[in-house]
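Shown next, in structure tokens, is the structure this report addresses.
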Amino acid sequence: MNDFKKNYLISAIIPTYNGGEKLKYSIDSIINQSIGLENIELIIVDDASDDKITQQIILEYQSQYPDNIKPIFLDKNSGHPGKPRNVGIDHANSDYIIFSDHDDYYLKDAFKILYNTIIKHNSDIVIGNSYTDINGEKFLYIPNLNKNIINMNPLTNQENFDFLSTINICPWAKIHKKKFILENNIRNIENIISEDFHFYLNIIKHNPQITILPHDIVYIYKRYDESTGHNHNIKLFNDQLRGTYSIAKLLKDLNFNVNNIFNIQIITILTVFSNLDKKLKNDAILKIYKLEKYLKQEFNFNLDPKRREMVILNNAIMQKKFRKAIFISNIYKKLYNNHYIQNLFYKLGLDKKNTPTYNTNS
């Protein structure tokens, strides 16, 4: 392996497992950045792929760009991106870190925009806007903001906390100051799903200076029906539960209302629950009940009434009407497995009409 120089502007980290041909789009989008490849260190952490093509693709790119691409091959699959991202952070040589998923891509000027902004404003993290691409139809992540650039801290007041803790919980479309991550010992939780949300909330908890670029589109998130987050099974359900308990532990000493955060988690859990096989639901439903009783006790959690279909299901669970809840969830499963309806529900979360406008004049 090459001895890498120390004067890259950005270390880009891609965790991958069986990324295959899709990985090429992510890599190409980074090596073709307008900031110049000479300013980028690309760390690709392979989580023990077994598809026989992913590692070959990584090595081919590394041989073509030996001064910029650093491949790291893990011996054992960790199951989630948390560990590969941590390995990437540990090997990063630059002062600023950008993450990408292996099946998405950055727009050409993304790194230049993010880097210039974090330098100019001396921010700890800069958040650009992004599109979710559903079969070619694109939806903005951060709509309805009335300024081109916004600087704020999450722990100034409840309004800032609510806005910043849910605006973009994913690791991508951001640039991070590595010093801030290391000094606050911010790590991805490993072997658990929701590691990206936990990582971001851990950043929020340490009150960073955040700069938001609502009108600069830097990233395209491609939604694939076969991606990990949409394979709803008992392992995913249990991982989501463990991830939610980990987030609860992280937030326990914050003096803020965290309802918005747990709304995201519970709605996800209820969706996965609805798609489980019938024989698994009797045990799973008790776990949901126990989790929500805990969240109610510790955080006074109540599910957002705007998601009416989930409130109906959730109320049946919390009233211990388990047979009724399972019946409702079976109906939802049929609806969810209709791709048109599935995408329609997903779009509701990204629909501008359903996203509150943040008053950036205050």
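Observations, loosely collected:
- Violating pairs (Cα-Cα greater than 29 angstrom) within the set Lys52/Lys112; Lys290/Lys333; Lys24/Lys205: Lys52/Lys112; Lys24/Lys205
- By the Stokes-Einstein formula, at 0.890 mPa s and 25 °C, the chain with its Kirkwood radius over alpha-carbon pairs has D equal to 115 µm²/s.
- Here is the list for the range 18-103: GluC sites (Glu not before Pro) lying in DSSP coil, each with at most 10 other C-beta atoms within 10 angstrom of its C-beta, are Glu21.
- Each residue, Ile149 and Asp133, gets one label point 7 Å from its Cα in the Cβ direction; the gap between the two is 2.8 nm.
- Entries of Lys138/Lys296; Lys222/Lys334; Lys235/Lys293; Lys108/Lys179 with Cα pairs more than 31 Å apart: Lys138/Lys296
- Given +1 at the Cβ of Lys and Arg, -1 at the Cβ of Asp and Glu and no other charges, the dipole of the range 100-206 around its Cα centre is 560 debye to the nearest 20.
- DSSP bridge pairs, the chain: antiparallel proportion in percent, nearest 5: 35 percent
- Check: the range 138-263 dipole with +1 on Lys, Arg Cβ and -1 on Asp, Glu Cβ, in debye: 220 debye
- Here the mean projected area of the convex hull built on the C-alpha positions of the range 139-279 is 9.5 nm².
- Considering only alpha-carbon pairs that sit under 8 angstrom and 6 or more positions apart, the relative contact order computed for the chain is 17 percent.
- For the range 232-352, the mean projected area of the C-alpha convex hull, equal to one quarter of the hull surface, is 7.5 nm².
- q = 0.14 Å⁻¹, the range 10-222: log10 I(q)/I(0) [Debye, one scatterer per Cα]: -0.81
- For the range 35-91, fraction of C-alpha pairs farther apart than 19 Å, in %: 31 percent
- Beta bridges by DSSP in the range 10-222, antiparallel share as percent, to the nearest 5: 35 percent
- Restricting the range 33-106 to trypsin sites (Lys or Arg not before Pro) in coil, as DSSP defines it, with at most 10 other Cβ within 10 Å: Lys52, Lys76
- With viscosity 1.002 mPa s and temperature 20 °C, the Kirkwood radius over alpha carbon pairs of the range 128-185 converts through Stokes-Einstein to a diffusion coefficient of 157 µm²/s.
- Screening the chain for whole DSSP H helices of 24 Å or more along their axis (Cα) with average Kyte-Doolittle hydropathy at least -1.0 returns 234-251, 278-299.
- Footprinting exposure proxy for Val87, Val272, Val311 (fewest neighbouring C-beta atoms within 10 Å first): Val311, Val87, Val272
- Where only alpha carbons of the range 255-326 are counted, the Rg and the Dmax (Å): 11.9, 40
- Applying a DSSP loop filter and a limit of 12 other Cβ atoms within 10 Å to the GluC sites (Glu not before Pro) in the range 163-210 leaves nothing.
Each value in this text was obtained by applying a stated rule to the coordinates, not by laboratory testing. All values derive from a computational prediction rather than experimental measurement. Neighbour counts run over all protein chains shown; Cβ positions are idealised from the backbone, glycine included.
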